[in-house]
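Report on the structure given below.
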Amino acid sequence: MLTTAENDLLCRVVGSAPMGRLMRQHWTPVCLTEEVQEPDGAPVKARVYGEDLVVFRDTAGKVGVLDEKCPHRGASLVYGRNEECGLRCIYHGWKMDTAGNVLEMVSEPESSGFAQKVKHKAYPVKEWGGIVWGWFGPQDAVPEFTPPPWAPTADTRVSIAKVILPCNWAQVLEGAIDSAHSSSLHSSDMVPARVQGAEATGQKWLRPSTDKMPRLQVQHHPWGFRYAAIRRPIKDAATHDYVRSTVFVAPFSVLIPPNNLYNVANVNVPVDDETTAFHFIAWGSAATVPETLTWRKFLGQMVGIDLDSRYRPLRNAENNYWQDRQAMKAGNYTGITGFPNQDVAMWVSMGPIADRSKERLGASDVAIVEFRKQMIEAARDVENGRPAIGTGAAAIPAGVSSYQAVLPKTVDWRTYEAIPIGYGAATDRHADEPSPTVDA
């Protein structure tokens, strides 16, 4: 349980909130590259940490992330003309480039020099892994962009399903690090089977365990933590454990245990205190990672079918998330299609900001407790002028990865070599042959 003050410290990001100040010390996803794919295309409205933004790709292909409101009279630049390497406000014709320089003021005498005296708010931008990233921290100390663990190279295939959810970022992220719920909530989609490890088909994810009561163990790090959910496997239960090791990368990312074809991650960006941009990601080799449309269809998160044009779910509390009670009677556990949609129903049902003062946590909530403890402490560090978690020398090293494997009981999960699917020989190595993990 958390007090109301602790819950606010964990959840709130808008304005001067310590958690928001912490997150601004990290490069932050603003929108998908696909949303601003076309040079001189339509500008896109975005919102991060409670700040309203406009994103556009100029004539030369450069992306700009600007304050949405025109510096002249505050009209929205989302309606602006994107032309000739600048975004022109349609109200009075002021035109800004991707760096926020005012190129023209057609309503003002050129001789006044007014345009040279005005600078519009623009943020540093990086495109990587199918995402437009922005830097919202101190503008006089912009760090070099470091690729995230789920897009380690420029040629990594990354497929992303994005959904805008009407609830706080922390309850979404807690769902990603809650291994115990998958054995119940997703039991019709993550099916026990006599397989060597987790496997993906076109319809389901298979796993080698029927155990619904995992034992959780946590390994602390300055950038977040790793934890293991240890279950009894279907085969060789007397001598082996089925281990699913998840990685929390502060402040808002999770590396989820992979299957045999691709790696999985999610990134949970606060739009504001009560809205989250949830990104569910498959990544790895182009030979085995599903293409974006295939991934979204598998998840039940296709734009125009499951989501509207602004990535908001058409399934919602008003229509019970299209829950099919007849399917439930026939054996489907939730009656909700697409396992992320099952999560969404649970997250949103907790309210815009979950009240954690009334919870009753148990042994299966160890990772949840660790997340809250670590991030509340990290927010207090920022409040007291100390560096943000996961920055500088405390940043996550390259090579840290989640994994899943059936391991001999004599093997410590912490020392098992975790290498992403498609990136090394460990993916083909028998689990009985452990080797030292990355020193992280």
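The values are calculated or read from the model by the stated rules, or taken from the named source; none is laboratory data. These numbers come from a predicted model, not from an experiment. Using ideal geometry, Cβ is built from the backbone for each residue, glycine included, and neighbour counts are taken over all protein chains shown. With ligands, DNA and RNA removed, areas are computed over all heavy atoms of the protein, side chains included. Shrake-Rupley method; radii C 1.70, N 1.55, O 1.52, S 1.80 Å.
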Legend entry - Alpha-carbon centroid distance for the pair the stretch 291-365 / the stretch 367-392, whole angstrom: 29 Å
Legend entry - Entries of 45/95; 62/95; 235/329 with Cα pairs more than 19 Å apart: 235/329
Legend entry - Computed Rg/Rh of the chain, alpha carbon atoms with Kirkwood Rh: 0.99
Inset, instruction - With the full set of protein chains in place, find how many percent of the accessible area of the chain is carbon and sulfur; take the probe as 1.4 Å. - result: 52 percent
Inset, instruction - Select from 29, 281, 245 the residue farthest towards the positive end of the dipole of the chain; place +1 on Cβ of Lys and Arg, -1 on Cβ of Asp and Glu, and compute about the Cα centre. - result: 245
Inset, instruction - Using Cα centres only, tell me the gap between the stretch 127-172 and the stretch 40-75 in whole Å. - result: 17 Å
Legend entry - Taking the chain and dividing mean pair separation by its residue count, relative contact order in percent (alpha carbons under 8 Å, at least six apart): 18 percent
Legend entry - Per residue accessible area of the chain, 1.4 Å probe, in Å²: 44 Å²
Legend entry - Under 29 Å from the Cα of residue 358 - lysines, other chains or at least 8 residues apart: 212, 373
Legend entry - Amide N of the stretch 216-251 lying under 14 Å from the label point, which is placed 7 angstrom from the Cα of residue 361 along Cα→Cβ: 216-218
Inset, instruction - For the chain, just give the cysteines left without a disulfide-compatible partner, judged by no other Cys Cβ under 4.7 Å. - result: 11, 31, 85, 167
